[in-house]
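The values are calculated or read from the model by the stated rules, or taken from the named source; none is laboratory data. Keep in mind it's a predicted model, so treat the numbers as computed, not measured. We place every Cβ from the backbone using ideal geometry, glycine too, and count neighbours over all the protein chains shown. For accessibility, only protein heavy atoms count, side chains too; no ligands or nucleic acids. Shrake-Rupley method; radii C 1.70, N 1.55, O 1.52, S 1.80 Å.
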Amino acid sequence: MDPARRKELAKANEEAWSRGKADASKFRSLDSNIKKNTAFIKKCKTSLQADYQTQLLNDINKLSLEKYISEIVGAVIEGMAKCKTSSDVTSCVEVISALHQRFPDSFTLLLTYQLAKVLAPPTKQQLASLTPDQREKEDTSRVLRQRTYLRLASELWLVNVLRNVSDGVATPAAVNLEGMETQRDNVAGLVGSGSSIKEKGKDTKEADQDAQSGHGFVYSILRDLFANDKTLHANLLLAASFMKNYGSEIVGITPRKQRAAADQVSNDDVKNMPTSGEAADSQVNKATREAFKTLMMDYHKTLEKHVVKEHKYLKRMDQRNHEILFSRGQLNEETKQNYEKLTKAYEKLLSNTQTMADALDVEMPELPDDDGTTKMSIISANGTNTFSEDNKDTVENGIWEDEDARSFYEKLADLKVLVPGVLLESAAKKDVGKAVGDGATDADNETVKSPDVSSETAETDTDRENDLISKMEHLEIDENDIDETGAESEVADADQDTELDVAADSAVDSLVDKDDADDTANGGAGIKSTQMVQLDALLARLPTLNNRDMIDSVAVEFCYLNSKSARKRLIKTLLSVPRSRVDLLPYYARLVATLNPYYPDVGDAILVTLEHEFKGLFRKKSADLLETRVKNIRYLAELTKFRITPAHTIFHIFKVALDDFTNQNIDIVCNLLETCGRFLLKSPETGVRMGNMLEIVMRKKNIQHLDNRYILMVENAYYQANPPDRSAIVKKERPPLERYIRKLVYGDLNKKTLEKILKQFRKLDWTDPKIVHVMNKCFQKIWKIKYSNIHLISILASGLNRYHSDFGVQLVDSVIEEIRVGLEMNIFKHNQRRIATAKYLGELYNYRMIESALVFDTLYTIVTLGHDLGRPSRERFCPIDAPDDFFRVRLCCTLLDTCGMCFDRGSAKKKLDSFLIFFQMYILSKSKPPMDVEFMVMDTLELLRPNLKLATIYEDANEAVDQMLLEQLKTVQGGDVKLQEDGFEDSGPESSSSDEGEDDDVMEDKEDEIGDVSDEDSLAGPTMDEDEDVVMLKKREEQVEEDEEFEKEFSRMMSESVESRKFEKKTAMLDVPIPMHLRGGQDRRTFAASNEQADGNMSFTLLTKKGNRQQAKLMEVPSDSLLAINTRSKQEAEREEQQQLKQIVLNYEEREEANARTAAAEDRKQQRFSQRPRRIFHIGGGGGDVYNAER
């Protein structure tokens, strides 16, 4: 309630107390209609909530109500129980204050009595008549009911409606009220008079205590509630609720949460906030505050002792249950239920203790955790399980992703068929016999083995356990009954969960080691040495098993080695999975599920240990344990899919993680959804609950401000568990001819079918635009073809290009365009297709579809596109080629690996050397490359230039590029000077008109001798006379370029000739030489001429083969037959060709003599030219200066 309004009500109510009974004449004009008054009583009984406040206040001012005081009090008491929220409490206080101001000497006294009666603790006589279960239920319902009344009573006390418990009267007849005695009231008074007489001594005693204390109604109520509650603390919830709502107002202590929030506000606000011990409200004096504080502190001290005591006992009980579980294999149902009830009661006790400590601003008691406190429930696989073996859904219901998953998780190996029944039956009989023999004394045996429990008898321990259950179960509160403080209670529960330390793994390991040692020491009970060796080998193979057949075989082998110690060793191995080997978890879970029907202790122990581990990991918030958390939660999820983990266990983990949906808990939820979310959602038993969980996950994702990584994880996990409904993919309909082309390209293409496919493509109707379009698509989208078949596609493209050049041009254009678009867009998902396109371009060069100039242009485009000034630099940032993006380096390496080895001679070699210098500068302009990129570059350079000296720093590479560009610039400028040599004029300062004629002669001589001046002549220039002008060219590349062009054309002609001859049909050779041993060393032509008959026949030798022997037979053919005519014409053509070759050889000597005469004439002319004085012009890269050189 608002403090200002509370002060106003307190002042008005105090005036009503002082005034006493109001003047009856003022209210005579009020309505006394029975119907309206009765309606008012019903409204008070129905609800005193905020919705009816205005109407009730109007009725109080308009109606008489004097004759219905007792009924109104009863109705108000009943209506107060329905005020749950803060607004309802405020409305109720307003209505009761209005009634008090009208009837302070009647209504208020009756209300005080009724509230004190409702808030009174139960008497010992009432508790003695109830059984423990009835007492538990009675305490729970009483505390829930009294919590609401206590809050309202505190508000009424603060506004001065209630003063002391002693003010209350049981009946109207106990007070002298004029005109108020009705027949009903008199009856009530008569009825109540007997009880008042009986309780006269008690009322007198309470009045004396109130008079002595003088601390008011609420203090008296709390003192009575806490007086006999020092051990069980049944009223802990009332104390926690009171301190949470009125700790700062009445007790004068600021809770820790409020003080922590105050640290974030300004200093002025902090100064104005009340601290512990300061007066927060003038209604409560200092003495009353101290009394309340002392009362609460005393109650909290007894509570601390209670919590520590129950904590120790729960630890001992937990350890005892573990020993029973590992020694006997299972716990009976009664023990498990008792343990779960104790654990739940302890959780509630610890939560409320935490709330009290926070409200009183004191520390929580230290709870010993040496042995690892546990809060989890021990569940057996034979116990209640939501997953029923009979309810196995098929793939059609959507539980499993595919048929293989369904087969893996549902079709387990049947050990009854694979293993002799005696092995399985003996184990079952042993367990059954042990259960029958020990069934009557389970409780006794369970209490004997605990080393930490005192030497009490089994009956004493069992009684103590039952007493603790009865003492603590009253703290269990239904969530539906929680009021506006429910949210804070949930936070307290979550904090309480993190207070307990769980060390289950070490406990299990120690128990296993202990049992193994005992078995080994007992000789007959231990495993034999040979079986021990076999078992060790079997367990050592487990991490290497990666399919279900191998896991099933291990399950069969284990049945032959089965024993109690063997099962414990198996449990320990299955639990010690490396945290990075989550791939083993499905197979280990399948092994557990296969053995579980016959050896249930294996599944029980693994399930219990995993739950222990989860609780311990949940307490530790360290990020270093993320992999361990993932392994633990995935293990539980895999067991869920095998229906070993109960549904309530996995949903409890969901709830715990969702309560604190941050950091590691997000990973837990995501891994659960990815592993078993679909299974839980599609299962009919858990579908509804899992659907609610998914909705909570998405709501928390939308409300909380999560990191982008977590948002992506949650969305991926959600849609993996609940994939959206999508329509089936419609298969694209294609014409038959297009399907045939795609089949040849994508399916049939290999080295053997290459020529056949090329012939098939040539047979297509290339005049049809549709067919051409399909061919272009298939050949251009190279990323859809196997990477190893790219060179085969290039061979096909080269073969088709000879007959359809337009197809080849369009193909090359599309490849270049695809590379450029990829550089401009730089989309990560297209990286694979970009690599394939770069390799495709290199293969097209290898098969002569493009020139080397296009390859180098593409290489330079890759490393310069997007960079300012066309040159990458560390100082300039390129948005499409970031410093840490090395994909362009991969493109260059792919292209060079494909066709770089072809650039090993001529100008292509120089161009490649220049690019490699530029490429090194490009790599060094970026940040340090990853190891795989660095190795790729080293492999490429090793392949192309093994002896290349690599630059190590960016400055050296940049300087090398500058030097390379300068040399290229000089070469270009030198070529320009050559083109202008015919119009060169002398402009030297020392030149004279007398030298003009000589200069003309020099230029004429140069024109005759251009292309023949050597470097030696240019070096000898300075020794000549200074009056002679000489033009010296430092670099002469014109003839070299002509030679290179000739080599290119010659290579192209030879390759085209070879390629064209590949597809020509080879004619059969009829005129083959006859073996020497058959023709006796005679020449074939002489032999044929000698055998030519005079009658016009021509003799041929027919070679036959019989077995491994060759035989020659003479055959006479008429001279006018086609065979004879062709043979004769062929012989004549050979003779003519021989004569031509002979003539060419003879003419070669004449040509050599003519060349020698021409060379001698040129030498004489050169000698005559060198005898004149000449002026030397040095023409460098960008033109040179003119100077005189003396001899």
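Worth pointing out:
- Among residues of the stretch 796-832, those that are open to solvent by less than 50 Å² (accessible area, probe 1.4 Å), more than 30 Å from Pro883 (Cβ to Cβ) and of a type in the set (A, V, I, L, M, F, W, C), counted: 6
- So Val512, is it open to solvent by less than 60 Å² (accessible area, probe 1.4 Å), over 30 Å from Asp358 (Cα atoms), at pLDDT below 50 and part of a helix (DSSP H, G or I): yes
- When Asn846 is tested against (1) open to solvent by less than 30 Å² (accessible area, probe 1.4 Å); (2) touching a Ser or Thr at 6+ places or on another chain (Cβ under 8 Å), just one condition goes unmet, and that condition is (1).
- Scanning the stretch 913-938 for residues that are free of Cβ contacts under 8 Å to residues at least 12 places away in the same chain and either of a type in the set (D, E, K, R) or open to solvent by less than 20 Å² (accessible area, probe 1.4 Å) (or both) gives Lys928, Asp932, Glu934.
- Scan of the stretch 327-342 for residues that are at pLDDT 80 or above and touching a helix residue (DSSP H, G or I) at 6+ places or on another chain (Cβ under 7 Å), ordered by number: Asn332, Thr335, Asn338, Tyr339, Lys341, Leu342
- For first residues located in the stretch 865-881 and open to solvent by 30 Å² or more (accessible area, probe 1.4 Å), partners that are part of a helix (DSSP H, G or I) and not hydrophobic (A, V, I, L, M, F, W, C) and lie 6+ apart or on another chain with Cβ distances below 7 Å form the pairs Gly870/Thr864; Arg871/Thr864; Arg874/Tyr954; Arg876/Asp868; Ile880/Glu824.
- Where helices (runs of 4 or more DSSP H) sit wholly within the stretch 105-217, those with at least 2 residues that are open to solvent by 80 Å² or more (accessible area, probe 1.4 Å) and either within 18 Å of Phe242 (Cα to Cα) or modelled with pLDDT of 60 or more (or both) occupy 124-128, 132-158.
- Residues of the stretch 555-569 that turn out to be out of contact with any Gly (no Cβ under 9 Å at 6 or more places or on another chain) and either closer than 14 Å to Leu584 by Cα or among the small types (Gly, Ala, Ser) (or both), as a count: 2
- Extreme residue, farthest from Phe40 (Cα to Cα), among residues of the stretch 59-81 that are in contact (Cβ under 8 Å) with a residue 60 or more places away in the chain and not charged (D, E, K, R): Ala81
- Pair list, Cβ < 6 Å and 6+ apart or interchain, from the stretch 1040-1057 residues that are surrounded by 10 or more Cβ atoms within 10 Å (Cβ to Cβ) to residues that are part of a helix (DSSP H, G or I): Glu1044/Gly906; Glu1044/Ser907
- Consider the stretch 75-88 and keep the residues that are crowded, with 16+ Cβ neighbours inside 10 Å and within 28 Å of Thr171 (Cβ to Cβ). The one that is nearest to the chain's Cα centre (by Cα) is Cys83.
- The listed residues are Lys348, Lys301, Lys336, Lys309, and the only one of them that is in contact (Cβ under 8 Å) with a residue 60 or more places away in the chain and either touching a Cys at 6+ places or on another chain (Cβ under 8 Å) or of a type outside the set (Val, Ile, Thr) (or both) turns out to be Lys348.
- Contacts under 8 angstrom Cβ, first residue in the stretch 746-758 being closer than 12 Å to Asn789 by Cα and without any contact (Cβ under 8 Å) to a residue 60 or more places away in the chain, partner in a loop (DSSP other than H, G, I, E, B) and not charged (D, E, K, R), 6 or more apart: Tyr746/Ile785; Leu749/Ile785
- Pair list, Cβ under 9 Å, 6 or more apart: the stretch 704-721 residue among the charged types (D, E, K, R), other residue outside any loop (DSSP other than H, G, I, E, B): Glu715/Met698; Glu715/Lys701
- When residues in the stretch 757-770 are screened for being within 49 Å of the chain's Cα centre (by Cα) and loosely packed, with under 14 Cβ neighbours inside 10 Å, 2 of them pass.
- Scan of the stretch 47-67 for residues that are within 22 Å of Ser86 (Cα to Cα) and either outside any helix (DSSP H, G or I) or in contact with a strand residue (DSSP E or B) (Cβ under 8 Å, 6 or more places away or on another chain) (or both), ordered by number: Ser47, Leu48, Gln49
- Checking Leu680 against (1) surrounded by fewer than 24 Cβ atoms within 10 Å (Cβ to Cβ); (2) in contact with a helix residue (DSSP H, G or I) (Cβ under 9 Å, 6 or more places away or on another chain), the condition it does not meet: (1)
- In the stretch 670-697, the residues that are outside any helix (DSSP H, G or I) reach residues that are among the small types (Gly, Ala, Ser) and exposed (fewer than 15 other Cβ atoms within 10 Å of the Cβ) with C-beta atoms within less than 8 angstrom, at least six apart or across chains, in these pairs: Glu685/Ser388.
- Only a single criterion out of (1) free of Cβ contacts under 8 Å to residues at least 40 places away in the same chain; (2) open to solvent by less than 30 Å² (accessible area, probe 1.4 Å) is not satisfied by Thr952, namely (2).
- Checking Ile711 against (1) open to solvent by less than 40 Å² (accessible area, probe 1.4 Å); (2) in contact with a Lys or Arg (Cβ under 7 Å, 6 or more places away or on another chain), the condition it does not meet: (1)
- Note on the stretch 1112-1123: residues that are open to solvent by 70 Å² or more (accessible area, probe 1.4 Å), of a type outside the set (D, E, K, R) and in a strand (DSSP E or B) amount to 2.
- Selection within the stretch 615-643 - open to solvent by 10 Å² or more (accessible area, probe 1.4 Å) and not charged (D, E, K, R): Leu617, Phe618, Ser622, Ala623, Leu625, Leu626, Thr628, Val630, Phe642
- Scanning the stretch 693-706 for residues that are closer than 16 Å to Asp660 by Cβ and open to solvent by 50 Å² or more (accessible area, probe 1.4 Å) yields Ile696, Arg699, Lys700, Ile703, Gln704, His705.
- Residue among Asp667, Asp660, Asp725 that alone is in contact (Cβ under 8 Å) with a residue 12 or more places away in the chain, over 17 Å from the mean Cα position of the chain (by Cα) and farther than 30 Å from Lys777 by Cβ: Asp660
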